[in-house]
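The values are calculated or read from the model by the stated rules, or taken from the named source; none is laboratory data. Source: prediction; values computed, not measured. Cβ sites come from the backbone with ideal geometry, for glycine too, and all protein chains shown count toward neighbours. Surface areas here come from the heavy atoms of the whole protein model, side chains and all, with no ligands, DNA or RNA. Shrake-Rupley method; radii C 1.70, N 1.55, O 1.52, S 1.80 Å.
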Amino acid sequence: MSLFSWLKDWKVLNELWDAIEPFVINLAEKNVPKYITKLYENLAKATQPTLDSLKKLKEKIKTSPNALDDYCFNQGVNAIETFANHLLTVVADLRK
């Protein structure tokens, strides 16, 4: 394939993309929010059992405090906080 032929094909592809790009963007604007919502739902489903468990442990500590439960609760909260901070750092880097 000669350079001229390749450039001609590239020009045709660019013209084709220019013609269909608005439709692709419109399709993305309609569908991407659903996928992002699904991603959020999956993250929430994955973390909810941990949060529920920590809430129950917190209530148990209120009624019958003991050092082991308190230690486990604090470790769990620290782990969630560490992960949340990690996600905030990743988000900050992505937004740069």
For the chain, set up a GNM with springs between Cα atoms under 10 Å and report which of 19, 28, 79 has the largest fluctuation.
19
Through the Karplus equation 6.51 cos²θ - 1.76 cosθ + 1.60, θ set to phi - 60°, convert the phi angles of the stretch 43-51 into ³J(HN,Hα) values in whole Hz; use x for Gly and Pro.
4, 5, 4, 6, 8, 4, x, 5, 5
In the full protein assembly as shown, how much of residue 87 is accessible to a 1.4 Å probe, in Å² to the nearest 10?
80
Would you please give the FRET efficiency between residue 30 and residue 83, computed as 1/(1 + (r/R0)^6) with r the Cβ-Cβ distance and R0 = 41 Å, to the nearest 0.05?
0.80
If the cut-off is a Cα-Cα distance under 17 Å, which lysines reach residue 38, setting aside same-chain residues fewer than 8 apart in sequence?
30
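Translational diffusion coefficient, Stokes-Einstein: compute it for the chain using the Kirkwood radius over C-alpha pairs as Rh, at 37 °C and 0.692 mPa s, and state it as an integer in µm² s⁻¹.
Working: Rh = 18.5 Å.
Answer from the Stokes-Einstein relation: 178 µm²/s.
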With each run of n ≥ 4 DSSP H residues scored as -39500 (n - 2.57), what mean residue ellipticity at 222 nm is computed for the chain after dividing by its residue count and rounding to the nearest 500 deg cm²/dmol?
-35000 deg cm²/dmol
As straight-line cross-link partners of residue 45, the qualifying aspartates and glutamates (C-alpha separation under 19 Å, not fewer than 8 residues apart within one chain) are 81
Kindly express, to the nearest 10 degrees and within the range 0 to 90, the angle between helix 67-95's C-alpha long axis and the longest C-alpha principal axis of the chain.
20
Residue 52: accessible area at probe 1.4 Å, nearest 10 Å²?
60
